[in-house]
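The values are calculated or read from the model by the stated rules, or taken from the named source; none is laboratory data. If you're wondering where the values come from, they're calculated on a predicted model, not measured in any experiment. Cβ placement follows ideal geometry from the backbone for every residue including glycine, while neighbour counts extend to all protein chains displayed. The area values use the complete protein model at the heavy-atom level, side chains included, leaving out ligands, DNA and RNA. Shrake-Rupley method; radii C 1.70, N 1.55, O 1.52, S 1.80 Å.
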Amino acid sequence: MTTENPHWGTTLDAFLDEDGIREAAKTEAVTRVIAWQLSQEMERQGISKATLAEKMHTSRAQIDRILKAKGNITIETLQRAAALVGRELRLELV
């Protein structure tokens, strides 16, 4: 016989659903992972933020926003940045 643990709460998904923010949280998480992967690839190749900004015809501040996953970063912007470091951004419906 098992008893329920009074200290056991809901799952993270249930909590996010209750607050109505599950999709926004997932979007934020995916964007952060892509930004992290982009920064890792830049580091591996020795590409600076200034160099990427020049290649993208944008400012270094915009590159900072991309790499920090702040603001409204479009899929197009992430695709361009990925292409410039020799990678491909893939999206799929599952």
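Here are some notes:
- Filtered residue count, region 31-51, keeping only those that are crowded, with 16+ Cβ neighbours inside 10 Å, polar (S, T, N, Q) and under 14 Å from Arg87 (Cα atoms): 1
- Residue within region 53-66 that is closer than 29 Å to Leu16 by Cα and basic (Lys, Arg) present: yes
- Of all residues in region 52-66, those satisfying the criterion of being crowded, with 16+ Cβ neighbours inside 10 Å and without any contact (Cβ under 8 Å) to a residue 12 or more places away in the chain are Ala53, Thr58, Gln62, Arg65.
- Any hit, region 18-30, residues being closer than 19 Å to Leu89 by Cα and either of a type in the set (Lys, Arg) or surrounded by 15 or more Cβ atoms within 10 Å (Cβ to Cβ) (or both): yes
- Close pairs (7 angstrom Cβ cut-off, 6 or more residues apart or separate chains): at pLDDT 90 or above in region 67-90, surrounded by 12 or more Cβ atoms within 10 Å (Cβ to Cβ) and part of a loop (DSSP other than H, G, I, E, B) anywhere: Leu78/Leu89; Gln79/Leu89; Ala82/Leu89; Val85/Ile47
- Number of the condition not met by Pro6 [criteria: (1) within 30 Å of Ala81 (Cα to Cα); (2) open to solvent by 100 Å² or more (accessible area, probe 1.4 Å); (3) of a type outside the set (Ser, Thr, Tyr)]: (1)
- The residues of region 67-94 that are surrounded by 15 or more Cβ atoms within 10 Å (Cβ to Cβ), part of a helix (DSSP H, G or I) and under 15 Å from the mean Cα position of the chain (by Cα), listed by number, are Leu67, Thr77, Leu78, Gln79, Arg80, Ala81, Ala82.
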